[in-house]
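Scroll down for the structure; my scribbles are underneath it.
Read-outs: derived from the displayed coordinates by stated rules, not from any lab. Keep in mind the model is a prediction, meaning the values are calculated, not measured. Note that each Cβ is placed from the backbone with ideal geometry, even for glycine, and that neighbours are counted across all protein chains shown.
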Amino acid sequence: AAMGVAEFVKADMVKPGATVIDVGVNRVDDPAAEKGYRLVGDVDFPAVKPV
């Protein structure tokens, strides 16, 4: 995925056993992070990983 939308791809969009390659780089605000933001891809990795 390279859509430019943070964590857009969800588990229901991925077939079981599929290989997902996420080359998206998105900056999202995260007050808990040292720099105040964190980098994420276009795939919601924690949701898609178990698929």
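For Glu7, the residues 5 or more places off, or on other chains, whose built amide H falls under 5 Å of its own are Gly41, Asp42, Val43.
Diffusion of the chain by Stokes-Einstein, at 37 °C in a medium of 0.692 mPa s and with Rh set to the Kirkwood radius over alpha-carbon pairs, works out to 286 µm²/s. As a length-normalised measure over Cα pairs under 8 Å and 6 or more apart, the relative contact order of the chain settles at 48 percent. For Lys49, the lysines whose Cα comes closer than 17 Å to its Cα, not counting residues fewer than 8 places off in the same chain, are Lys10, Lys15. Dipole of the chain computed with +1 at Lys/Arg Cβ and -1 at Asp/Glu Cβ about the Cα centre; of Met3, Pro50, Ala33, farthest Cα towards the positive end is Pro50. Between Met13 and Ala32, the modelled labels are 2.4 nm apart [label points 7 Å from Cα along Cα→Cβ]. Each residue of the range 23-35 was assigned a 3J(HN,Hα) from its phi angle through the Karplus expression (A = 6.51, B = -1.76, C = 1.60, θ = phi - 60°), giving 10, x, 10, 10, 9, 10, 4, 8, x, 6, 6, 4, 8 Hz with x at Gly and Pro.
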